[in-house]
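Here is the structure we will look at, set down as structure tokens.
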Amino acid sequence: MAESKASGFLEKFSMVSAKVGNQIHLRTLRDSFATMVPLYILAGIATLISSSVAPLILSGSALDAVTFWSSVISNGTLNFSGVIICGLAGYFLANNRRFDNPIACVVIALSSLIIMMPTSVTAALADGSGDTAEVTSALIFDNLGVKGLFAGIIIGMLSTELFIRLSNVKKLQVNLGEGIPPAVGKSFSVLIPMLITATVFAVVASILTQVFNTSLIALITMLVQRPLANLGTSLPAVLFIYAMGNLLFFFGIHQSTINGVLLEPILTVAITENMAAAAAGTAIPNLITIDDLNFFGMVGGTGSTLCLILATYIVGRSKASKAVCSMSALPGIFNINEPMIFGYPIVYNLPMLIPFLLTPTIGIALHYVCQVLGLVSNCTVYIPWNTPIFVSGFLSTGGDVRSVILQVVIVVIGTLLYIPFVRISERAQALELEQQSENA
């Protein structure tokens, strides 16, 4: 009875998780951020070079040149990411809706975002005095970049949804007939829906500015981005969601179904905020970012299975398990561990459940505590998730050797945690084989 209830719960949990992972707007969000990854990596490399490497070997005008090079890269990546993500959100939402003119969705999404921008901004004077001035007919990076990411996402999706709905109304479609270029025909077929969508956003912008003396960008930042970032980057929330994603992987459903749509977008925004702060020389705002998950909670892949490989080499007696570990060791160094998940196996291997869930949470929590105590630096450089261990700790923190030492400590703790469960798992497998032979 208890077993049937447990299986029923797991089945319902898996179904809900699959629905969350396939939700069209969350999937659009995940695809948009995935496309932005190369730009974030470029910004991270530029920040690392200008803040950590260049000051060691350069000075004077040469250092100024590298700093300028880094700043213009930040302007084209981090400081423009809100606009880029808006266009991407429109494009991927159109694809997910199977709309036949996704480029038009990019156009209306970007247009709507600019329409919603404040018409006047406060900017600091260039003389370094700290004084500010009110500037009209200008756009500032605060609204276009990292601080405007959620505004770009929300406006991009809202404008695209409205535009697609209007475009599907046949009475609003303009048909110029045959014999004209396809691009011209497509642009005219969505002419009226595009005009209506832009007009709607212009009316909303006018009301917010003239009546309430604010903008949709400011409202989204205050009411959505900040609360969501505070919740999504809190240690309890991150540990719980991450553990639930790992629990799914234990049952054979990839953890990205949960983590990829609930954690990664928020924590990617967190690392971009840290990079922008590091480039500007200001205080680092976030203790938990996507780098913390990838390089301190995912040692060798989901579940920190590099620790399992070491534990198996130390106490394992099963030739089959050691063979799988030998095959998985090299991919594990690059955080690729599907051979371990399905070959060891970890899936449905009950003795492995506790260390598989517990080891990553210990790593994330330990790194968090060390940051709070000032023992290691914050993560300020976005690097690829498959960067080898120890190299990743050094690069993601801007060259802090103490983070590498912490990674060594996490590996040791994780290995010690896995050791008793390796013995239990092998004993359980031996008993199962013995029972099978007796039944035969």
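Computed values, structure above
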read-out: Degrees, to the nearest 10: 401-439 long Cα axis against longest axis of the chain; value: 50 degrees
read-out: Whole-Hz couplings from phi, Karplus 6.51/-1.76/1.60, listed for region 369-379; x for Gly and Pro; value: 4, 5, 5, 4, 7, x, 7, 9, 7, 6, 6
read-out: Sulfur and carbon atoms: percent of accessible area, region 32-133 [1.4 Å]; value: 65 percent
read-out: Within-14-Å neighbourhood charge of GLN429 [Cβ basis; K, R +1; D, E -1]; value: +2
read-out: Cα gyration tensor category, rounded, prolate or oblate, for region 49-162 with a/c compared to 1.5; value: oblate
read-out: Solvent-accessible area, 1.4 Å probe, carbon plus sulfur percent, for region 355-440; value: 68 percent
read-out: Local net charge near ALA94, Cβ-Cβ under 15 Å (Lys/Arg +1, Asp/Glu -1); value: +2
read-out: Tilt relative to the chain, helix 264-280 - C-alpha long axis, 0 to 90 degrees, to 10; value: 70 degrees
read-out: Heavy-atom accessible area per residue - the chain, 1.4 Å, Å²; value: 48 Å²
read-out: TYR382 long-range amide H proximity, modeled H, under 5 Å; value: GLY44
read-out: Helical contribution to [θ] at 222 nm, DSSP H n ≥ 4, -39,500 (n - 2.57), averaged over the chain, rounded to 500; value: -22000 deg cm²/dmol
read-out: Whole-Hz ³J(HN,Hα) from phi, Karplus 6.51 cos²θ - 1.76 cosθ + 1.60, for region 101-114, glycine and proline x; value: 9, x, 5, 4, 5, 4, 4, 6, 5, 5, 4, 5, 4, 5
read-out: Shape call, region 285-440: gyration tensor on alpha carbons, a/c limit 1.5; value: prolate
read-out: Prolate/oblate/rounded label for the chain (Cα gyration tensor, a/c 1.5); value: oblate
read-out: Between helix 81-96 and the chain: long-axis angle, C-alpha atoms, 0 to 90°, nearest 10; value: 80 degrees
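The values are calculated or read from the model by the stated rules, or taken from the named source; none is laboratory data. Note that the coordinates shown come from a computational prediction; the quantities given were computed from them, not determined experimentally. Cβ coordinates were reconstructed from backbone atoms using ideal geometry, including for glycine residues, and neighbour counts include every protein chain displayed. For accessibility, only protein heavy atoms count, side chains too; no ligands or nucleic acids. Shrake-Rupley method; radii C 1.70, N 1.55, O 1.52, S 1.80 Å.
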